[in-house]
Amino acid sequence: MRPMVDLVGPTAVVLPGTASDEVFVRSVFEEPLAQVGLRLTAPESTTVEEHLAALDDAWNGCPLLVGGISLGAHVAASWALRHPERCAGLLLALPAWSGPAGEAPAALAARASAAVVDRDGVDNALVGVDGWLGAELSRAWRGHGHRLATTLRAASKSEAPTTAELSGLDIPAGVAACNDDPVHPLGVAQSWTKALPKAALRTTTLTALGTDRTTLGRAAVLALLAALAT
């Protein structure tokens, strides 16, 4: 990948998804960003309010490259809508819905998981979630402690930007999706890409992500490079 540090500045602030953590963000984005001359900042934030505060804190007067995974992507785009002058570009991985969460698969999954955590505990909530995803969730969910169920429920009720709002965001954006992910449908990523005036989409798969976490970050960075080139 060609360096783009001169185009968007030296720092990328990337937010985690619902009940995920900065460890996963680093595993996804640190290497692909370094390959294009960018330094990753991965805040240890959890809620929408904490994510927004982390972005506010990261801004030092120079436009930032901001992004996130799933809920983190929603928050990054929302922050850019509030502060377009502070945002040089967007890295939007696995957006899960547009506007109100409603019955989006990711929102339904978060509500169901919260109910099981409350009733039966984290161990039972993770039954049947195997492989790399099970390992990631086991670490991240246990890290949230007693806040886990509340965090899941709050995320499931949060609003993402609407496609109409995204259409007014004249900032280069790289959108990434897994084309075999039923929880973060490819169609959502496609609709975000279509709505954003300066966006490109690149895809990977959950299978590839399980083998190499950087495939998702690389897809987002390549998409941003494509958007910057248009």
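Per the listing 121, 131, 168, the residue uniquely surrounded by fewer than 18 Cβ atoms within 10 Å (Cβ to Cβ) and either basic (Lys, Arg) or at pLDDT 95 or above (or both) is 168.
Quickly run through region 15-26 and pick out the residues that are part of a helix (DSSP H, G or I) and of a type outside the set (A, V, I, L, M).
22, 24, 26
In this entry, residue 141 is excluded by the filter for residues that are at pLDDT below 95, open to solvent by 60 Å² or more (accessible area, probe 1.4 Å) and closer than 25 Å to residue 214 by Cβ.
Among the residues of region 9-64, how many are open to solvent by less than 10 Å² (accessible area, probe 1.4 Å), within 13 Å of the chain's Cα centre (by Cα) and either closer than 19 Å to residue 172 by Cα or aliphatic (A, V, I, L, M) (or both)? Residues flagged as open to solvent by less than 10 Å² (accessible area, probe 1.4 Å), within 13 Å of the chain's Cα centre (by Cα) and either closer than 19 Å to residue 172 by Cα or aliphatic (A, V, I, L, M) (or both) within region 9-64 amount to 8.
Restricting attention to region 186-208, the residues that are more than 13 Å from residue 90 (Cα to Cα) and in a helix (DSSP H, G or I) total 11. Among the residues of region 66-108, the ones that are within 14 Å of the chain's Cα centre (by Cα) and open to solvent by 40 Å² or more (accessible area, probe 1.4 Å) come to 1 in all. Taking region 202-230 as the range and being closer than 20 Å to residue 76 by Cα, aliphatic (A, V, I, L, M) and open to solvent by 40 Å² or more (accessible area, probe 1.4 Å) as the test, the residues that pass are 222, 228. Would you check which residues across region 27-61 are closer than 21 Å to residue 156 by Cα, among the β-branched types (Val, Ile, Thr) and in a helix (DSSP H, G or I) and list them? Listed by number, the list holds a single entry, 48. When residue 97 is tested against (1) closer than 19 Å to residue 139 by Cα; (2) at pLDDT 95 or above, only condition (1) is not met. Contact annotation: residue pairs with Cβ atoms under 6 Å, 6 or more positions apart or on different chains, pairing a residue in region 209-230 that is assigned to a helix (DSSP H, G or I) with a partner that is of a type in the set (Asp, Glu), are 214/31.
The values are calculated or read from the model by the stated rules, or taken from the named source; none is laboratory data. Worth saying up front: this structure is predicted, and the values here are computed from it rather than measured. Positions of Cβ are backbone-derived with ideal geometry, glycine not excepted, and every protein chain shown enters the neighbour counts. Heavy atoms of the whole protein, side chains included, go into the accessibility calculation; ligands, DNA and RNA do not. Shrake-Rupley method; radii C 1.70, N 1.55, O 1.52, S 1.80 Å.
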